[in-house]
1. Quick one: angle between helix B:7-31 and the longest Cα principal axis of chain B, in degrees between 0 and 90, rounded to 10, please.
2. Would you mind listing how long the range B:1-76 runs along its three principal axes, going by Cα atoms, in whole Å with the largest first?
3. Across 10 Å bins from the origin, how do the percents of Cα pairs in the range B:53-122 run, short distances first?
4. Helix B:128-143 against the longest principal axis of chain B: what's the angle in degrees, Cα atoms only, rounded to the nearest 10?
5. If the label for residue B:33 sits 7 angstrom from Cα along the Cα-to-Cβ line, what are its distances to the same label in every other copy, in nm to one decimal, shortest first?
6. To one decimal in nm, how far is residue A:191 from the same spot in the other copies, if labels go 7 Å from Cα toward Cβ? Please give the shortest first.
7. Let me have the 222 nm mean residue ellipticity of the protein assembly as shown computed from DSSP H runs of 4+ only, each contributing -39500 (n - 2.57), with the sum over all residues rounded to the nearest 500.
8. Could you work out the Rg to Rh ratio of chain A, with Rh taken as the Kirkwood radius (inverse of the mean 1/r over all Cα pairs)?
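Each value in this text was obtained by applying a stated rule to the coordinates, not by laboratory testing. Note that the structure is a prediction, hence the values are computed from the model and not measured. Cβ placement follows ideal geometry from the backbone for every residue including glycine, while neighbour counts extend to all protein chains displayed.
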DNA sequence: ATTTATTTTGACCAACCGGTAAAAAAGAAC
DNA sequence: GTTCTTTTTTACCGGTTGGTCAAAATAAAT
């Protein structure tokens, strides 16, 4: 709407989105309340509703931002690069996102587990398209003998599930590893796994 | 308490747990309501509360049952069997559970994503212990040269995350695969992955 | 058939839910 | 320093929440 945002608007919009991310990622949409978000943002509930028309609007704004960040790494895969290196780099980027943006990962997980009522269309639209392209690239790499044969969809699912696991199931991971930081080990394991999975010459 | 349950108690307890599983697995604890569960169980809300003292009690009863089923497959791993076969069989059992009990998987996922407020102790207790034993077995297999070296914890995380992914992110998987049943392909991929990961003689 | 134990219902409650209306307070522009 | 706009607060609304209570209806035991 308005091109210029007041410094107050700028600050409070950011505070609300930050608070919404905290709350929604922990309790899901239906489990979260405006009072919770308002309190965490340091605002009164009516004041919160002055910036975002509804609880739904906050949630949608967060998901819109999230989906951009979420899909971005897949666009940086170079179909003319070295296949194993490209796939490994992609997986590592996804793992880094789990490490640095665990709340975003959990927000996404909550939404999808609950049937993706808000982002279902995006999943069946843009996500499906962009995955389709990646699948095509992987199939080409296989035909050209550059990587060992795999079912591309399930390879992608493996990468997604493993990397997101460290954010979404953080409590469980830390229950088992105690004080050990999971991420260095996870990265090494992921690299090793993809190498053994995909590399033609097994070292 | 009472050793013998009436046929009515038997029927209604089951109906309530079934309804609770449906609702809690879809909306999480805080996002679910007693009215929803009561309606789905075909009872009035006060009648529901006659069988379970509180919303919390239903949720806990479900989680208790779930945790048993969840941990059971890991106990069937034979440390004296063929390592790759044992691990692969375990992974396939977990995948079958995702296929046949997706709501249980999502209930568990919801609980853990939200910080495991109810089952945190079990994760840090029994789960940690039983995983520790499996980790020991895998390390022994590696030292005996029966499988290629891997970090056991992260291998286990990989198996968990991949198999649960097909239940928890079902909507996303189907958005991409459309009408293709994910599970046959998933099983083949999982077997191939573990074989390339772990087998000494790469075929 | 009557006593007794179990099950179900309807009416209700205080707290909380998402959201509104209007007026007061604070900032910005001049 | 006064006008005008933006921001915040106070008071409130109808609906829903988890849960209670006592009475009614049903089932079981004798």
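1. Tilt of helix B:7-31: around 70 degrees.
2. Projected onto its principal axes, the Cα set of the range B:1-76 covers 41, 34, 17 Å.
3. Values per bin, smallest distances first: 18, 43, 28, 10, 2.
4. Between helix and principal axis, roughly 10 degrees.
5. 1.4
6. Reported distances to equivalent positions: 3.2 nm.
7. Result for the protein assembly as shown, helices only: -24000 deg cm²/dmol.
8. Numbers: Rg = 19.8 Å, Rh = 18.9 Å.
Answer for chain A: 1.04.
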